[in-house]
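The values are calculated or read from the model by the stated rules, or taken from the named source; none is laboratory data. What you see is a predicted model; the values in this text were computed from it and never measured. Ideal geometry is used to build each Cβ from the backbone, glycine not excepted, and the neighbour counts take in all protein chains shown. These area figures cover heavy atoms from the full protein model, side chains too; ligands, DNA and RNA do not enter into them. Shrake-Rupley method; radii C 1.70, N 1.55, O 1.52, S 1.80 Å.
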Amino acid sequence: MVLFLILFLFPSIVLICIKILSFFQDKINGGGKTMSDKYNVETAEILANEAQHLPIAEATPIYEQLLQLYPTAAKFWKQYVEANLAVNNDDATKQIFSRCLLNCLQIPLWRCYIRFIRKANDKKGVESQEETKKAFEFMLNYVGADIASGPVWMEYISFLKSLPALNIQEESQRMTAVRKVYQRAIITPTHHIEQIWKDYENFENSVSRQLAKGLVSEYQPKYTSARAVYRERKKYFEEIDWNMLAVPPTGVYKEETQWMAWKRLLSFEKGNPQRIDAASSNKRIIFTYEQSLMYMYHYPDIWYDYATWHAKGGSVDAAIKVFQRSLKALPDSEILRYAYAELEESRGAIQAAKKIYENLLGDGVNATTLAHIQFIRFLRRTEGVEAARKYFLDARKSPSCTYHVYVAYATLAFCLDKDPKMAHNVFEAGLKRFMLEPVYILEYADFLKRLNDDQNIRALFERALSSLPPEKSVEVWKKFIHFEQTYGDLASMLKVEQRRKEALSGSDEDGTSALGSSLQDVVSRYSFMDLWPCSSNDLDHLTRQEWLAKNINRKMEKSAMPNGTAFLERESTGCISNTATKVVYPDTSKMLIYDPKQNPVAGAGTNAFDEILKATPPALVAFLSNLPAVEGPTPNVDIVLSICLQSDLLTSQSGKTVIPTQLQSGKTVVSTPLPAGPATSELSGSNKSHPVASGLSFKPTNNRQYGKRKDSERQEDDDTTTVQSQPPPRDAFRIRQYQKARMGSTSQTGSVSYGSQFSGDLSGSTS
């Protein structure tokens, strides 16, 4: 009963508890979840909003879990701080600020910090004012270049103006401090730069009008330049989503758009558009990189660009610190470790670089094959042959060692150590483990080819092909044939080709064995690099034939199927044989009488093709069986019919109107063209024009159309009339309008006799 009352009276608390438990359960089971499930932004936003309404003791674990996933989310840090400030927990607040301030360069969070400092120092007297001043300078040193830092500058100036001055000297020092802050603020492109400039002018004029004139004229060009840069800078900042949480890249459009927006802003800042000194410009670039990492925290390219920019500028120590931070952010990023080790090695810190490789390898059990290879190369570069050989002997015992390690070390021994015997021994040792790896066989063959050891190459191919299954031996056969075609005689060449066909006869990889030799084999023998013994058209034709040959057996099997099935297969593939002389009829013994009152028999009539075939008339079946065979794509019947119905088949290309007059002489249809001309009474034998009372002009095309209606009525009962001979539908409204116009003109032209009411044909004479 108590539980029911809690659920009824406090549903929001229950909902919060459920979501908290769900979030913690996701954290516990994080190993089995995907990256998108782990970084669920919507769930994080809901939990953060609901944590604001919980007591600090209950909200703290939620904030800690959120910030573990989103360590650069300034809004979560700000909520966490405000929750502790609300209960006057100053020690916890200081600890939180020490964890987040330097990594979250966002104005709202830093303004929360300065409020905390001022609140803590308000009651401490003169010494506290100096501490507050240092806090302001500390804040402006990190976020003073932000485009939204205008209120911070103005707050600092107001604080300095509020400091007490007991004598003239202190007053002068206070004015000098205020002036310096103003002069720093008016050359910083911020949203409030114009307001700060007006305040600065008023400040100087209030102190000394004579001194103000010189100072204002001195800083006017600097302010103008900063304002122009602000307008350009604002465009780049407007493209950035400042509420976005840092999540691993998933390839969605919004993430890519934000990545490009940050890239454009970084490029803009690197161009130094304000033409300030190098130190100030570098400070802004560093600030922009730090801000971008708040949102691109999981993007290794941003970390790498940041470190590389430091290294190119001569700040190698700063670049190393960036790499160290990147590995904390992305501990699984192997590429950043290689880049970090490369930087250490390039500046001569061999032991530091070696330590990076050792951390990457760990205990060797979970190390990747690539890590083994790169460490062997590093040892060969820095410590020599023996160190690389010693590690190779240890690495080949690792469960993660693959044939790549053998190939890499053998190549090093052959190319760098100039020791072909050692390389040969390594390949032989690996052959015992990787005999069933076609790629390893091919690499070994390439090595032997460089040694010009044709006997061992042939022996290697023979050993490998005797062990490899047919589906894995295709590339090895190709390599063997290419070797014989290049270095062997004609007999060995033909022998290997024949063996390949026999070995792959039952494999889907090569279906040409049943056809014997083909011209494609000759092309393969007598081609070299990009030189071919035939034209490109011939080569395309041979390729097409090879593809057809691979499918010829399948088509023959389909054509050999009995009775209706064979016909259906030929019809469905568009290959109805024109050599068939016997008409194939459906098997009527399996036909059932349709009775709608009975339920259909299970399994009867399940084949749609059989049903269609049963309903096909014998004459149509005979017609289909006599159609020629067609190879190629099958057209879409619906599209073809749609195009035919929409086409105007009665208009010729020459612009003349065609009257398809049906001549009942066998199956011949004759179309008589009627030249376009003026609407005269030539049809009735007069050469005078007939005026139209309604203003409508009489066009020959319409006359032809109306005349055709009479022909169509006369041919309604004709069985030989085809679909193409039927005239298109006419507009009855236009026919009536035309007849009214003709009737109105009879008083001027004499007598006119009309044909059918719907045909519109004219006959008669004029007086």
- Members of region 132-169 that are under 17 Å from LYS180 (Cα atoms) and charged (D, E, K, R): LYS133, LYS134, GLU137, GLU155, LYS161
- Message: Quick check on my filter: what residues within region 473-485 are surrounded by fewer than 19 Cβ atoms within 10 Å (Cβ to Cβ) and under 18 Å from LEU519 (Cα atoms)?
- Response: LYS478, HIS482
- Query: Looking at TRP242, TRP197, which one is assigned to a loop (DSSP other than H, G, I, E, B) and either of a type in the set (A, V, I, L, M, F, W, C) or farther than 23 Å from LYS270 by Cβ (or both)?
  - Reply: TRP242
- Task: Consider only pairs whose beta carbons are under 8 Å apart and that are at least six residues apart or on different chains; among these, list those whose first residue lies in region 122-139 and is among the acidic types (Asp, Glu) and whose second residue is surrounded by 14 or more Cβ atoms within 10 Å (Cβ to Cβ).
- Result: ASP122/SER128; GLU131/ILE117; GLU131/ASN121
- Message: Restricting to region 325-369, count the residues that are among the polar types (S, T, N, Q) and out of contact with any helix residue (DSSP H, G or I) (no Cβ under 8 Å at 6 or more places or on another chain).
- Response: 3
- Message: Being among the basic types (Lys, Arg), free of Cβ contacts under 8 Å to residues at least 60 places away in the same chain and out of contact with any helix residue (DSSP H, G or I) (no Cβ under 9 Å at 6 or more places or on another chain) is the filter here; which residues of region 193-234 pass it?
- Response: LYS198, ARG209, ARG231
- Among (1) open to solvent by less than 70 Å² (accessible area, probe 1.4 Å); (2) of a type outside the set (A, V, I, L, M, F, W, C); (3) modelled with pLDDT under 95 - the single one GLU269 does not satisfy: (3)
- Item | Candidate set: region 421-472, residues that are of a type in the set (Gly, Ala, Ser) and farther than 13 Å from PHE483 by Cβ; chosen: the one most open to solvent (accessible area, probe 1.4 Å) | SER466
- Only one of (1) at pLDDT below 95; (2) buried (at least 16 other Cβ atoms within 10 Å of the Cβ); (3) assigned to a helix (DSSP H, G or I) fails for CYS401. Which number is that? (3)
- Task: Filter region 504-547 down to residues that are surrounded by fewer than 15 Cβ atoms within 10 Å (Cβ to Cβ) and aliphatic (A, V, I, L, M) and give me whichever is modelled with the highest pLDDT.
- Result: LEU531
- Message: Anything in region 457-474 that is under 15 Å from MET435 (Cβ atoms), of a type outside the set (A, V, I, L, M, F, W, C) and in a helix (DSSP H, G or I)? List them, or say none.
- Response: GLU462, ARG463, SER466, SER467, LYS472
- Task: Among residues belonging to region 309-328 that are surrounded by fewer than 21 Cβ atoms within 10 Å (Cβ to Cβ) and either within 29 Å of LYS254 (Cβ to Cβ) or β-branched (Val, Ile, Thr) (or both), point out the one that is farthest from the chain's Cα centre (by Cα).
- Result: VAL316
- Message: Suppose we filter TYR306, TYR289, TYR391 for residues that are among the hydroxyl-bearing types (Ser, Thr, Tyr), crowded, with 19+ Cβ neighbours inside 10 Å, in a helix (DSSP H, G or I) and over 27 Å from the mean Cα position of the chain (by Cα); which single one remains?
- Response: TYR391
- Reported set for region 64-87 where residues are more than 30 Å from the chain's Cα centre (by Cα) and not in a helix (DSSP H, G or I) is VAL87
- Task: Determine whether region 413-433 contains at least one residue that is assigned to a loop (DSSP other than H, G, I, E, B), aliphatic (A, V, I, L, M) and touching a helix residue (DSSP H, G or I) at 6+ places or on another chain (Cβ under 7 Å).
- Result: yes
- Query: Is one or more of the residues making up region 470-479 under 24 Å from ASN452 (Cβ atoms) and either at pLDDT below 90 or among the basic types (Lys, Arg) (or both)?
  - Reply: yes
- Have a look at ASP317, ASP332, ASP301, ASP305 and point out the one that is over 20 Å from VAL143 (Cα atoms), touching a residue at least 24 places away in the same chain (Cβ under 8 Å) and among the acidic types (Asp, Glu). ASP305
- Task: Show the residue pairs that are 6+ apart or on different chains and have beta-carbon atoms under 6 Å apart, the first residue being within region 351-363 and farther than 11 Å from GLN374 by Cα, the second being in a helix (DSSP H, G or I) and open to solvent by 40 Å² or more (accessible area, probe 1.4 Å).
- Result: ALA353/GLU345; ILE356/ARG337
- Looking only at region 286-297, decide whether some residue is closer than 17 Å to ASN103 by Cβ and among the acidic types (Asp, Glu). yes
- Message: So, GLY251, is that one free of Cβ contacts under 8 Å to residues at least 24 places away in the same chain, within 22 Å of THR72 (Cβ to Cβ) and not hydrophobic (A, V, I, L, M, F, W, C) or not?
- Response: yes
- Message: Can you tell me how many residues within region 332-387 are farther than 30 Å from LYS418 by Cβ and in a helix (DSSP H, G or I)?
- Response: 10
- Please state which of the following conditions ILE186 fails to meet, knowing it meets all the rest: (1) over 17 Å from ARG227 (Cα atoms); (2) touching a helix residue (DSSP H, G or I) at 6+ places or on another chain (Cβ under 9 Å). (1)
- Message: Where the second residue is among the β-branched types (Val, Ile, Thr) and assigned to a loop (DSSP other than H, G, I, E, B) and the first is modelled with pLDDT under 95 and lies in region 46-73, which pairs have Cβ atoms under 8 Å and are six or more apart or on separate chains?
- Response: ILE56/VAL87
- Task: Filter region 225-256 down to the residues that are of a type in the set (Ser, Thr, Tyr) and modelled with pLDDT of 95 or more, then identify the one that is nearest to ILE187 (Cα to Cα).
- Result: SER225
- Task: State whether the residues of region 248-260 include one that is of a type in the set (S, T, N, Q) and within 27 Å of VAL178 (Cα to Cα).
- Result: no
